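Everything below concerns the one structure shown next.
The values are calculated or read from the model by the stated rules, or taken from the named source; none is laboratory data. Remember, predicted model here, so these are calculated numbers, not experimental data. Here the Cβ positions follow ideal geometry from the backbone for every residue, glycine too, while neighbour counts run over all protein chains shown. Ligands, DNA and RNA are stripped out before the accessible areas are found, and what is left, the full protein with its side chains, is counted by its heavy atoms. Shrake-Rupley method; radii C 1.70, N 1.55, O 1.52, S 1.80 Å.
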Amino acid sequence: MMSLYRLPPLPTIREIIKLYNLRAEKQLSQNFLLDLKLTDKIVRKAGNLQNAHVCEVGPGPGGITRAILNSGAEELLVVEKDTRFLPGLKLLNEASMGKVRIVHGDILTYRMDKAFPRHLQKAWSDDPPNVHIIGNLPFNVSTPLIIKWLEEMANRTGPFVYGRTRMTLTFQHEVAEVDVGVVHFSPLIEPKIDQPFKLVEKVVRNVFQFRRKYCYKGISMLFPEEQRTKLTEQILTSADVEPTLRPSALTMKHFQGLCNAYREMCEQDPHLFSYNFREELHQKKVKRNQDTQKTPQITLS
């Protein structure tokens, strides 16, 4: 059995935090993982990383970074926005004989399609490439980043130009509903809903914007007010969705039916997809304000 690479003795994460006077910034939703047993466990969820090319998102003081290096990764790219963590990461790069490539930047704008050598690319229908994304995501970036990656997954861009790149991510309890939730994503060869990402995202977003109400409430917001009642009934019937189901009770089959029905309706009315109910509300408010200003003021002498 091949023995895994081990880092030479280093200061502990707590010592690194003290050495560089680091602290988790609440306004940035940062949290530090100090338990190396926990970080090792998180990295093991990614599977076999021997000779893998890994991108770590937001490494911070480097707890997960150490576990990735000890797992035998060939190359580790870390993308860190906060300059306070760069000296500690440079220390890890030196200890690992240059295996750590540090990018000071924002993962939301970083071009991950250019991050790794092209020879790692595999066809979408093949096994996943030996490319992994691992990260401890702060709450404030979790949702936009996941939506970005899901769209890139659908379009096979970004990190998914290499094939069905796997992701192992930890989320704080606001997202994963546990203190630290570890979620492993492995892209499917065929999507569950074979529709454009923007369309699926719009339907799902509308359904869940009123998550405590019956699902018809959010679904109805897909349509202009003058057609709302008629078109909402039409899409629910076509998708075979009971209007009094809560959003959380809808199954993948329900969402598939809703997306397929909405696609047909948009093809019949090309202006429908661009409709945004919030914009309609804004226009109404503007008109009310204009009407109020036009109303003559009567003064009593």
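Restricting the range 245-265 to residues that are open to solvent by less than 70 Å² (accessible area, probe 1.4 Å) and of a type in the set (Ser, Thr, Tyr) leaves a set whose member that is nearest to Lys202 (Cα to Cα) is Tyr262. Selection of the range 241-267 for residues being over 22 Å from Pro196 (Cβ atoms) and assigned to a loop (DSSP other than H, G, I, E, B) yields Glu242, Pro243, Thr244, Leu245, Arg246.
Just one of the listed residues (Glu15, Glu74) is modelled with pLDDT under 90, open to solvent by 60 Å² or more (accessible area, probe 1.4 Å) and acidic (Asp, Glu), namely Glu15. Scanning for something in contact with a Gly (Cβ under 8 Å, 6 or more places away or on another chain), surrounded by fewer than 18 Cβ atoms within 10 Å (Cβ to Cβ) and within 30 Å of Leu272 (Cα to Cα), does the range 143-151 turn up at least one residue? Looking for residues that are in contact with a Gly (Cβ under 8 Å, 6 or more places away or on another chain), surrounded by fewer than 18 Cβ atoms within 10 Å (Cβ to Cβ) and within 30 Å of Leu272 (Cα to Cα), one finds at least one in the range 143-151, hence yes. Return yes when Glu80 is buried (at least 16 other Cβ atoms within 10 Å of the Cβ) and under 20 Å from Thr109 (Cα atoms) and no when it is not. So Glu80 fits the description; yes. Strands (runs of 3 or more DSSP E) fully within the range 68-137 that include at least 3 residues being within 18 Å of Phe185 (Cβ to Cβ): 131-137.
Considering each residue of the range 238-248 in turn, none proves to be of a type in the set (A, V, I, L, M, F, W, C), at pLDDT 95 or above and either touching a Lys or Arg at 6+ places or on another chain (Cβ under 6 Å) or farther than 21 Å from Arg211 by Cβ (or both). Scanning the range 219-236 finds no residues that are under 22 Å from Trp124 (Cα atoms) and loosely packed, with under 13 Cβ neighbours inside 10 Å. Restricting Arg263, Arg228 to those that are touching a helix residue (DSSP H, G or I) at 6+ places or on another chain (Cβ under 8 Å), without any contact (Cβ under 8 Å) to a residue 12 or more places away in the chain and either over 30 Å from Lys41 (Cβ atoms) or of a type in the set (S, T, N, Q) (or both) reduces the list to Arg228. Among all positions in the range 101-110, there is no residue which is more than 20 Å from the chain's Cα centre (by Cα), open to solvent by less than 40 Å² (accessible area, probe 1.4 Å) and not β-branched (Val, Ile, Thr). Candidates Trp124, Trp149: the one that is closer than 24 Å to Glu74 by Cβ, aromatic (Phe, Trp, Tyr) and within 13 Å of the chain's Cα centre (by Cα) is Trp149.
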